[in-house]
Every structure is written in C-alpha cells, then in structure tokens.
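The values are calculated or read from the model by the stated rules, or taken from the named source; none is laboratory data. What you see is a predicted model, and the numbers here were worked out from it, not measured in a lab. Here the Cβ positions follow ideal geometry from the backbone for every residue, glycine too, while neighbour counts run over all protein chains shown. SASA here: full protein model, heavy atoms, side chains in, ligands and nucleic acids out. Shrake-Rupley method; radii C 1.70, N 1.55, O 1.52, S 1.80 Å.
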Amino acid sequence: MAASSAAPAAATLRNNLESPGRGARWRAMRPMATVISEAASPSPASSPTSSPSRHGGRKARMRMMESLPANPGQGEFITTVVRLRPRFDFERDKDGELMPSVRIESSSKVVLVDPQQVSRTPDMAARAFECDIALDSSDLSSSKCANQQEVYRSVGEQLVDHVMQGYNSCLCAYGQTGTGKTYTLHGDWASAEQRGLLPRCAAGILSQAQALRDAGAEVDVMASCIEIYNNRLYDLLAPAAPDRAPASKKQERLEIRSHPAVGVYVPNLSEIGVRNLKDAARLVSIADKLRRTSATPMNARSSRSHSIFSFKVDVRNAPEGGARMASIQFADLAGRENEQTSESTGDRFRELTFINRSLFHLANCVHALTDGSREHVPFRNSKLTMLLSESFQRNSRTYLLATLTPSAKCYEENLLTCRFLESTGRIATQPVVSRFCVADLSAQLEDEIDAIRRQLSTANPAVSPQLKSRQDLLRYLS
C-alpha cells in the first residue's frame with residue numbers, strides 16, 4: 001500500500017515545486033530533499049517538456065559575465081560534470097518493466113525521463129539539462145563507456161594543471177547515496193584501471209612537482225583530511241592507535257578561521273608531507289579507515305559524513321613564475337537520503353538528518369549566490385558550507401561532479417541532483433594565482449604579530465583577537 005501511494009505523493013510534491021508563489025507553509029510540509037530542490041532552483045522551468053539551456057541561455061550567461069568586476073581574477077563559472085553509473089541487478093529487479101530514468105544524449109546534455117509519465121503523457125515525461133561535461137558509464141560493455149581513465153582525462157588533468165599553476169581548485173562530488181561519488185573519487189587504489197580521480201590527480205601532482213625539483217625549484221606537497229560528522233570537525237590524519245575507534249580519538253576541538261591571503265583554514269589540522277604515490281595511498285587509507293561509514297537500506301557502505309581531502313602545493317624559486325602556493329580539495333559529500341523512504345532508524349536516522357541539513361544549507365548558499373538581489377550568503381550556517389565558501393564564492397577553480405543512477409525508482413532524486421547542478425553552474429568564482437609561498441606569508445604574519453603586540457603594550461584590548469588569529473595561522477603554516 002505504501003508503494004502504491006508513493007507515486008501520487010511524489011507527483012504532488014513535484015507539482016508544488018513547479019508552481020510559483022508557494023510560501024513557507026508548503027516548504028514546512030515538504031521533506032528535506034524537496035526543500036533542497038527548491039532552494040537550488042530559483043526559477044522553475046516553464047514547461048516539463050522544455051529543455052532549459054544552462055545558465056538561463058547563452059545571452060544571460062554573457063550578461064552575468066559582463067557584470068563581474070574587472071580585476072586580475074576574471075570571473076569563471078563553476079564547471080559542471082555529470083556521471084551516470086550502471087544499473088545494478090537489484091535495481092533491474094525493482095524497476096521491472098520500467099525503462100531507465102536517465103540517458104546521456106551528448107557530451108553536454110542529460111535527459112531525465114519520468115517513468116510514471118511515459119505511458120500516460122510521453123510528451124511530458126522528458127526533461128533536459130545541460131552541463132559542461134557528461135560522462136556515460138551506464139553500459140560497461142560499450143566502447144564509449146566512460147571508465148576511470150576517461151573521467152581523469154576529462155576532469156582530473158585540468159585540476160592538476162590548475163593547482164600546479166598556482167590556482168586553488170576544488171572538486172565537489174554531489175548526489176544521492178549509492179550513485180558512485182566515492183568510487184569516482186577513490187576507486188580501487190590497488191588497481192591501475194580502477195583508480196579514481198584522487199589517486200590519479202595525486203600521481204599527476206607529484207610527477208609535476210618532481211619535474212619542478214629537477215629544474216631547480218623547491219616544492220613541498222602536504223596532505224590533510226577533515227571529516228564533517230554531525231556538524232563537528234574531525235582530523236582524519238591525526239595520530240591515533242590503529243585499533244582505536246574514531247569516536248575515542250583524543251583530539252583538540254577544531255575550529256574554522258579565515259585570512260585574506262589563504263582564505264578559510266583550520267588551525268591544528270594535521271598536514272603531512274607527501275613525496276610519492278605510496279605516501280599518498282597510506283594517508284588516504286588511514287583517513288578511509290577512520291571515516292564513519294555504515295550499511296543502510298540504500299547502500300552497503302554508506303558514508304555517514306562529509307570528507308575533504310586536500311593537497312597543498314608550495315613552490316619556491318621556480319625557473320618560471322617564481323613562488324606560488326595553491327591547494328586542491330576533493331570534497332566527497334555524503335549522499336542525500338529521503339527521510340520518508342530511507343528506512344533508517346536510531347543513529348543512522350540522526351546522521352541522515354545532519355547530512356540532509358548540511359546539504360540544505362549548501363543549497364541555500366547556491367541559491368543566494370545565483371540570486372542577484374541577495375547580498376548575504378549564509379555560509380556560516382554549517383561547518384560544511386564554511387569550509388566550501390572559498391571554493392563556491394571566491395578564489396578557486398571549482399568543479400561540481402553530479403552522480404546519477406539510471407534506476408527508474410530514483411527519478412525524483414536524480415531530478416533534485418540535476419536542478420542543483422544547473423543552479424551551481426550559474427555561480428562565478430574569481431580565481432587568481434597565489435604569488436607567494438609559506439615562508440613569505442609567515443614573515444608577513446610575524447610582522448603583523450609584532451605590530452599588534454606593540455598596540456597591546458599601549459593597553460588596547462580590542463586587538464587581542466587579531467593577535468590570536470594571526471598566531472593560529474602562523475602555527476598552521478609552520
């Protein structure tokens with residue numbers, strides 16, 4: 001009986017989303033995932049059969065670009081990427097006679113098909129979304145199947161080049177639980193064919209770093225990994241006994257800080273030097289073992305937290321370009337789950353609510369960034385959005401990777417993901433090359449600390465928080 005009522009309920013919620021003028025009363029009645037969709041979709045499509053052009057059309061996109069301030073960090077739109085995974089056997093059994101709900105029509109076009117409407121109103125069933133890169137991995141037997149190497153060629157090589165040139169970069173994986181985010185990012189480190197973006201990018205960064213060293217430059221590559229679990233931060237590379245459970249780790253309370261030169265940072269977060277791919281694999285293995293995962297009805301190994309693995313590249317005395325420092329983030333966001341259909345209980349349900357709430361806040365930030373009438377962007381509403389604020393708003397070349405499943409039963413969740421993707425593609429960041437190194441910044445901070453101490457000696461207590469902030473950043477860089 002629950003299954004028979006689910007389709008009409010989903011259709012009702014979808015109609016509510018497509019009807020303008022709905023207020024807070026409707027939002028309060030919707031599940032969290034539906035609210036995420038509304039927050040990420042400031043202007044609903046005029047017709048379900050229309051094929052909305054990305055960014056509201058090319059002319060609108062050009063107008064948005066012309067409105068950006070003219071400065072050395074010329075605005076760039078966030079790059080949107082879609083990957084469609086294969087349909088699993090258990091999904092085929094559940095779908096029965098229903099056709100897959102997603103198809104990749106071109107290298108930049110994704111079409112969602114509502115299986116409930118195909119038989120009744122075929123002309124109303126399809127919705128098209130445009131992106132920058134569409135990767136079809138749904139048919140493993142096809143010669144055109146986008147394997148892990150193809151994903152790296154399409155996305156990873158650009159990320160490596162950006163960070164080695166001195167641009168901060170970010171890859172953010174977003175989608176429903178079980179759609180292949182972690183597999184796309186990590187894959188199987190032990191298999192040359194199945195390695196994901198993170199190990200392949202790590203190999204590319206380390207290879208280019210060694211080439212710079214051979215040319216006479218000094219290069220340091222540092223790795224860190226932070227987990228956001230129930231809106232609290234955990235250092236996944238902190239020293240810990242191998243047999244000690246993550247919840248029993250003795251860690252300092254981690255807080256988020258910001259500085260105009262380095263952006264958002266976390267004092268006391270472990271940063272460990274990486275010289276080769278073996279070092280990187282060891283650190284990722286440590287972080288992976290400590291990250292919270294659990295079996296749920298939706299996924300046998302579901303991530304119950306968000307994680308951000310970062311490499312910081314510090315280059316000094318390079319033959320070309322001099323000094324530069326940049327970081328690259330790989331944000332593996334926990335999959336969105338529907339509270340009404342997930343069947344989660346107890347701790348799993350509590351984790352689900354924190355995951356959905358943080359994704360809701362992220363969608364609100366995306367909506368604020370794409371709404372020209374709003375001056376305030378609520379990044380401080382969650383730890384996740386604070387950590388991603390630089391990547392979504394300021395100095396970063398950012399890629400959003402949206403993962404989809406072809407399962408007919410997941411049409412509604414795929415629709416939410418594509419709407420979020422389309423909204424995110426309207427955001428422009430302002431990347432600039434960071435023409436400084438850790439030593440230069442440390443020297444500048446020491447000068448600022450000396451100046452603040454001189455002010456304190458004249459009994460000016462107002463500068464005390466500034467002193468602590470700079471001391472924290474100096475320790476972070478040391």
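Values for this structure:
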| quantity | calculated |
| --- | --- |
| Entries of LYS109/LYS278; LYS289/LYS312; LYS144/LYS409 with Cα pairs more than 31 Å apart | LYS109/LYS278 |
| Residue among THR398, ALA334, SER285 farthest towards the positive dipole end of the range 254-403, charges placed on Cβ | SER285 |
| Label-point separation in nm, ASP447 to THR293, each point 7 Å along Cα→Cβ | 4.8 |
| Environment charge of LEU135, counting only residues whose C-beta is closer than 15 Å and scoring Lys/Arg +1, Asp/Glu -1 | +1 |
| Built amide H within the under 5 Å cut-off of TYR229, gap 5+ | TYR234 |
| Modelled FRET efficiency - R0 51 Å, GLU218 with SER108, Cβ distances, 0.05 increments | 0.80 |
| Extension gain, ALA439 back to ARG120 (0.36 nm per residue minus Cα-Cα distance, nm) | 108.2 nm |
| Per-residue SASA entry for CYS172, accessible area with 1.4 Å probe, Å² rounded to 10 | 0 |
| Which of ARG397, ARG336 is most accessible, then next, and so on - probe 1.4 Å | ARG397, ARG336 |
| Heavy atoms of ILE427 accessible to a 1.4 Å probe, total area in Å² rounded to 10 | 10 |
| Environment charge of ASN231, counting only residues whose C-beta is closer than 9 Å and scoring Lys/Arg +1, Asp/Glu -1 | +3 |
| HIS162 accessible area, 1.4 Å probe, all protein chains in place, Å² to nearest 10 | 30 |
| Relative contact order (percent, whole number), the range 322-456, Cα cutoff 8 Å, 6+ residue spacing | 29 |
| Around LEU384: net Lys/Arg minus Asp/Glu count, Cβ-Cβ under 15 Å | +4 |
